[in-house]
Amino acid sequence: MGQALAKCLAGAGTPVTIWNRSIKKLDALRDMDKIIVEADIKKAVAASNVVIMNVVGDSGMSTANKVLEAAGSVEKKTLIQWSTHHPFAAKTQQSIAQDLGWQYTAGAMLTDPPNMCQDGAFFYVSGQEEYVTPLISHLSPLGKILNVGTDIGLGSLIDIAMLQTGFYGIDGFLMSMAAVRKYFLKEKLSSEVETSFIKLIQEQAVHFSKTLFPEFYNVAAMIALQSSNTDLDNFLLTLGGATGPRATLVGALKVEKEFLDELNIDSKHIEHTLNLLSTIPNPDYTYLGWNYQYLLRPSSNDEL
């Protein structure tokens with residue numbers, strides 16, 4: 001994803017300095033116009049006022065925190081945290097980043113390398129308005145940049161909602177709604193912000209039902225559109241699956257499980273998927289398909 005980001009921005013005429021923990025992985029970018037490959041992280045950071053971080057997702061963003069600390073202190077530089085993470089990890093890292101002088105923003109990328117720079121690519125950013133607003137036009141070549149709110153955790157929260165819906169269909173959608181409610185209660189965020197945030201999740205579910213992953217999102221989108229309708233008829237659901245490099249899927253699922261555990265929401269479904277992934281020999285591009293069939297009744301959703 002990091003290389004795709006660099007290519008997209010450079011292709012739009014934006015100068016990019018790129019650093020990687022494994023510098024050899026960047027050899028293919030060395031001769032590209034507008035891209036400078038830098039072996040020293042401090043020099044790479046010094047070259048730009050806006051820095052995008054995209055490293056592997058893991059528990060508590062431990063890898064991302066090590067990279068951040070290696071970059072050292074800065075003055076009035078904006079960091080966009082697009083590594084896979086969850087809201088509580090973002091709040092911990094925000095404190096570390098601010099102590100180092102960063103203007104901290106965090107969020108997620110809901111796209112894949114082939115769809116970078118396309119209208120269907122969505123990028124979520126949360127943080128203080130004065131940090132986020134300038135980024136929207138600056139990063140517009142990547143796709144649609146959405147400001148999801150000032151609470152630093154909201155950028156990853158919408159990502160978790162979308163991924164849970166994509167991986168687990170209607171179960172995932174309902175579980176993500178429960179997680180949103182619990183997070184807003186825990187963080188004492190206003191009901192007005194919660195309402196607009198849930199509306200954004202619904203809009204995104206509808207969008208992805210028509211574009212990238214229709215087989216995963218179609219039923220969830222229907223529920224989102226009719227979530228206020230108490231007269232829903234019973235209907236049968238059959239969907240669910242996950243696609244992507246195994247390491248990426250495992251990292252994302254572990255982050256989501258950590259978040260659900262923090263909120264005391266059952267995460268056994270993720271444990272099952274992780275066990276399934278561990279049996280797959282191919283470490284590269286993987287598709288997992290599994291069917292769930294339910295008879296859903298409106299009354300079963302009352303507590304959510």
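Does L142 qualify as being within 16 Å of the chain's Cα centre (by Cα), modelled with pLDDT of 95 or more and over 14 Å from L154 (Cα atoms)? No; evaluated as a whole, the condition is false for this residue. Here is the figure for the range 41-61: residues that are in contact with a helix residue (DSSP H, G or I) (Cβ under 9 Å, 6 or more places away or on another chain) and not β-branched (V, I, T) total 9. For the residues S196, S190, S176, the requirement of being closer than 26 Å to G120 by Cβ, at pLDDT 90 or above and not aliphatic (A, V, I, L, M) singles out S196. The one condition from (1) touching a residue at least 60 places away in the same chain (Cβ under 8 Å); (2) surrounded by 15 or more Cβ atoms within 10 Å (Cβ to Cβ); (3) more than 23 Å from V255 (Cβ to Cβ) that L5 does not meet is (3).
Looking only at the range 53-84, count every residue that is part of a loop (DSSP other than H, G, I, E, B) and farther than 18 Å from E258 by Cα and tell me the total. Residues in the range 53-84 being part of a loop (DSSP other than H, G, I, E, B) and farther than 18 Å from E258 by Cα: 6 in total. Scanning the range 85-116 for residues that are more than 16 Å from the chain's Cα centre (by Cα), in a helix (DSSP H, G or I) and surrounded by fewer than 21 Cβ atoms within 10 Å (Cβ to Cβ), we see that the one that is modelled with the lowest pLDDT is P114. Inspection of the range 58-70 identifies at least one residue that is acidic (D, E) and within 21 Å of D159 (Cα to Cα).
Selection within the range 33-61: residues that are under 14 Å from A108 (Cα atoms) and of a type in the set (V, I, T). The member of this set that is modelled with the lowest pLDDT is V56.
When we screen V16, V37 for residues that are within 23 Å of the chain's Cα centre (by Cα) and either buried (at least 18 other Cβ atoms within 10 Å of the Cβ) or within 23 Å of A247 (Cα to Cα) (or both), the only hit is V16. Can you say whether G60 is surrounded by fewer than 16 Cβ atoms within 10 Å (Cβ to Cβ), in contact with a Leu (Cβ under 9 Å, 6 or more places away or on another chain) and either closer than 19 Å to A10 by Cα or in contact (Cβ under 8 Å) with a residue 12 or more places away in the chain (or both), as far as the supplied structure shows? The answer is no for G60.
Among the residues making up the range 119-138, a single one is touching a residue at least 60 places away in the same chain (Cβ under 8 Å), touching a Leu at 6+ places or on another chain (Cβ under 9 Å) and buried (at least 18 other Cβ atoms within 10 Å of the Cβ): F122. Close Cβ contacts (under 8 Å, 6 or more residues apart or on different chains) running from residues in the range 258-280 that are closer than 13 Å to A178 by Cα to residues that are among the acidic types (D, E) and surrounded by fewer than 18 Cβ atoms within 10 Å (Cβ to Cβ) comprise L260/D266; S267/D261.
The values are calculated or read from the model by the stated rules, or taken from the named source; none is laboratory data. Computed from a prediction, not measured in an experiment: that's the story for all the values here. Backbone-built Cβ (ideal geometry, glycine too); neighbour counts: all protein chains shown.
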